[in-house]
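Derivation of every value follows stated rules applied to the coordinates shown; laboratory data play no part. Please read these numbers as outputs of a predicted model, since none were measured by experiment. Using ideal geometry, Cβ is built from the backbone for each residue, glycine included, and neighbour counts are taken over all protein chains shown.
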Amino acid sequence: MYEGAIQDLIDELGQLPGIGPKSAQRLAFHILAADNADVHRLSAALNRVKELVRFCDVCFNVSENDSCRICRDPRRGTEVICVVEEPKDVVAIERTGEFRGKYHVLGGAINPLEGIGPDQLRIRELLLRLRGGEVKELILATDPNTEGEATATYLALLVKPMGLIVSRLASGLPVGGDLEYADEITLGRAFEGRRTV
């Protein structure tokens, strides 16, 4: 244990997701050794993100305006909404260049063990968007884990009576992967989602 300011910094960095005690210590000593200008830029960037960044009023993606650039883009289709858990998922899908519709960010997934139920997610807001009648398909792009599957199933049951097409992203084996290393669930989904060639 260190004392004073360096220990405070280690403790604060250790609160970040994915940062354990050793990583927090390495980061703290990196910051300590960095030029003052670098540290001021980091501090300014942290302050700016807290001051300027908020959630889009429409889809809840991150934005510096009332609506994000995707919601403002008139070239994006309005008949298909892709539902994701977090803003980082929007970035992942956008990198593919395959989706040209709009998004809806739930803000997480149903996880009873963590006390997260449907009321803690932006499901009400999604239902309000769907009531306009313009949306024809809902793509459920939640994570392929227990929480993501529970969320997708809940949403599918909720919106099916609206007459929408509800689809789920395919899941299975990654390109370049080996069958022997695939878990049973992934391999099972690969069989379920197989296509004719």
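Net charge dipole, the chain: roughly 940 debye, given to the nearest 20, about the Cα centre with Cβ charges of +1 for Lys and Arg and -1 for Asp and Glu.
Between GLU94 and THR186, residue separation times 0.36 nm minus the direct Cα-Cα distance comes to 30.8 nm.
For the range 4-52, the spherically averaged projection of the C-alpha convex hull amounts to 3.7 nm². Site pair ARG72 and ARG195 shows an inter-label distance of 3.5 nm when each label is modelled 7 Å from Cα along Cα→Cβ. Among ILE185, ILE70, ILE93, the largest mean-square fluctuation in a Gaussian network model of the chain, built with springs joining Cα atoms closer than 10 Å, belongs to ILE185. With the simple model of a label 7 Å out from the Cα in the direction of the Cβ, ARG131 to TYR2 spans 5.4 nm. Exposed loop sites, defined as GluC sites (Glu not before Pro) outside DSSP H, G, I, E and B with at most 14 other Cβ atoms within 10 Å, are absent from the longest region of the chain, namely 135-197. Semi-axis lengths, largest first, of the ellipsoid equivalent to the range 38-154 are 25, 20, 14 Å, with √(5λ) applied to each eigenvalue of the Cα gyration tensor. At full extension, ARG54 and ASP11 could sit 12.9 nm farther apart than now, given 0.36 nm per residue minus the alpha carbon distance.
Between PRO17, PRO112, PRO144, the residue with the greatest mean-square fluctuation in the GNM of the chain (Cα pairs under 10 Å linked by springs) is PRO17. Restriction of the trypsin sites (Lys or Arg not before Pro) in the range 98-197 to DSSP coil positions whose beta-carbon has at most 16 other beta-carbons within 10 angstrom yields ARG100, ARG131, LYS136, ARG194, ARG195.
Assuming R0 = 45 Å, can you tell me the calculated FRET efficiency for the pair ALA37 and ASN65, based on Cβ-Cβ distance, to the nearest 0.05? So, using R0 = 45 Å, E works out to roughly 0.90.
Within the chain, the proportion of Cα pairs with more than 29 Å between them is 42 percent.
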